[in-house]
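These notes concern the structure reproduced below.
The values are calculated or read from the model by the stated rules, or taken from the named source; none is laboratory data. None of the values given here were measured: they were computed from a predicted structure. So basically every Cβ, Gly included, is an ideal-geometry build from the backbone, and we count neighbours across all protein chains shown. SASA here: full protein model, heavy atoms, side chains in, ligands and nucleic acids out. Shrake-Rupley method; radii C 1.70, N 1.55, O 1.52, S 1.80 Å.
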Amino acid sequence: MLAFAEGTSCTTTDPPLADSYRALLCRGELEGGGAAPAHALESLAMLELDLPIIDLKHLTSRDARESKACADAMARAASEWGFFQVVNHGVGRELLEEMRREQTRLFRLPFGTKDKAGLLNGSYRWGNPTATSLGQLSWSESFHVPLPSISREDCDYGKLSTLRGVMQEVADAMLRVADTVAGTLAENLGHEAGGSESAFPAGCDGTTCFLRLNRYPACPFAADSLGMVPHTDSDFLTILCQDQVGGLQLIKDSRWVAVKPHADALIVNVGDLFQAWSNNRYKSVEHKVVANSKAERFSVAYFLCPSSDSSVGTCGEPSPYKPFTFGEYRRSVHDDVERTGKKIGLPNFLKRSTVHD
């Protein structure tokens, strides 16, 4: 009973999302905009689909045709969906369940403890500090942790003494999955991963990537709120482990579709950098998380990123994009959000860009 009470106490554990919601609601009413429901333009009958499933054990098959068929299916999913699921990925269920327990303990801490500067090197985030409307408010909280900081002695874990080891083990396991998937997709375009300056990944390793622990609290305003606002990922690849609550949606054939959870699968999605590197062969697809009025949702995401000064490169010429580094891309995204409230992203780097300030 005590654990249940701690998990549902809005005054002690949850960030002040309701306060942000009410402030943005009042702002909209004062400006005459009202509270435009986040789902107003969507069909009430949301289509729920299974993402393509890729069985990674087939990549190591002695049958060359079976291995090639698996690689081709992965590339097709990256091109047509931008998202797919992988099974037999080598990340043990027991490890992921342990990560979920540690993650739950972390988010059950009082809000003041989570929000203090020292915990996990101050990587705690909630809501959206730059939101100017309800459509920009994410009903969620997260810890966005650079992998090198996990093992650093000055990284404060508070009383969660076992969290460090579990996070490190999960990060190492997901890096192996990311390397396998990235290498396969690169080779499908005729490049050997890491083999040359233009090959993928460009400067990605365990020191440049991130692990993000997410919690989406139950939302009393779910009808016009989002757990995570629509966006594309600014990395090369994202590896996601989600629970069975559901809520992830993505754009497919110009409409939003719901992703059906699969208990034994990890979700992979293409990021902006991989779309640019592949000359738009692979697609970085807009996605979001819808709010849930009854259940909280947890997920763990691994972001495969290069170093800030790494050139993103290209799988071949001609490329539609101007040369840029990851650092330049992140600064551009930050400036987009500061200036317009939303990300523009890759269109800013087109050689014949139609995006203007």
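Can you tell me the orientation of helix 93-107 relative to the chain, as the angle in degrees between its alpha-carbon axis and the longest Cα principal axis, to the nearest 10?
The answer is roughly 40 degrees.
With the calculation restricted to Cα positions, what are the radius of gyration and Dmax of the chain in angstrom?
20.3, 66
Determine the share of the chain's accessible area contributed by carbon and sulfur atoms, expressed in whole percent, with a 1.4 angstrom probe. Intermediate values should be presented prior to the final figure.
Numbers: 8970 of 16990 Å².
Roughly 53 percent, rounded to a whole number.
Show 124, 302 ordered by accessible area, largest first, where the area counts protein heavy atoms only and the probe is 1.4 Å. The partial results should precede the final answer.
Numbers: 124 25, 302 0 Å².
Order by accessible area, largest first: 124, 302.
In square angstrom, what is the accessible area per residue of the chain with a 1.4 angstrom probe? Please list the in-between numbers first.
On the way: 16990 Å² over 357 residues.
With all protein chains present, the chain gives 48 Å² per residue.
Calculate one ³J(HN,Hα) per residue across the range 208-221 by plugging θ = phi - 60° into the Karplus curve 6.51 cos²θ - 1.76 cosθ + 1.60, and present them in order as whole Hz with x for glycine and proline.
Each residue's phi maps through the Karplus curve to give 10, 9, 9, 10, 10, 9, 10, 9, 10, x, 4, 10, x, 10 Hz.
Equivalent ellipsoid semi-axes for the range 99-168, as square roots of 5 times the alpha carbon gyration tensor eigenvalues: give them largest first, rounded to whole Å. Kindly include the intermediate steps, with their values, before the conclusion.
Values: eigenvalues 114, 33, 25 Å².
Largest first, the range 99-168 gives 24, 13, 11 Å.
Counting GluC sites (Glu not before Pro) as exposed when in a DSSP loop with at most 10 other beta carbons within 10 Å, what is the longest stretch of the chain free of them? Provide the component values of the computation, followed by the final result.
Numbers: sites that count: 31, 153, 197.
Maximal segment without exposed cleavage sites: 198-357.
Express the relative contact order of the range 223-304 as a whole percentage, based on alpha carbon pairs under 8 Å and six or more residues apart in sequence. The partial results should precede the final answer.
Working: 159 pairs, mean separation 38.7, N = 82.
Reported as a whole number, the value is 47 percent.
By average Cβ neighbour count within 10 Å, what is the ranking of 70-78, 275-283, 308-316 from highest down?
Per-residue Cβ counts within 10 Å, averaged per peptide and sorted highest first, yield 275-283, 70-78, 308-316.
If each of residue 189 and residue 164 carries a label point 7 Å out from its Cα toward its Cβ, how far apart are those two points in nm?
The two pseudo-label positions are separated by 3.9 nm.
State, as an integer percentage, the relative contact order of the chain based on alpha-carbon contacts under 8 Å between residues 6 or more apart.
19 percent
For the range 206-298, just the Cα set please: Rg and Dmax, both in angstrom.
Just the Cα atoms of the range 206-298 yield Rg and Dmax of 14.1, 43 Å.
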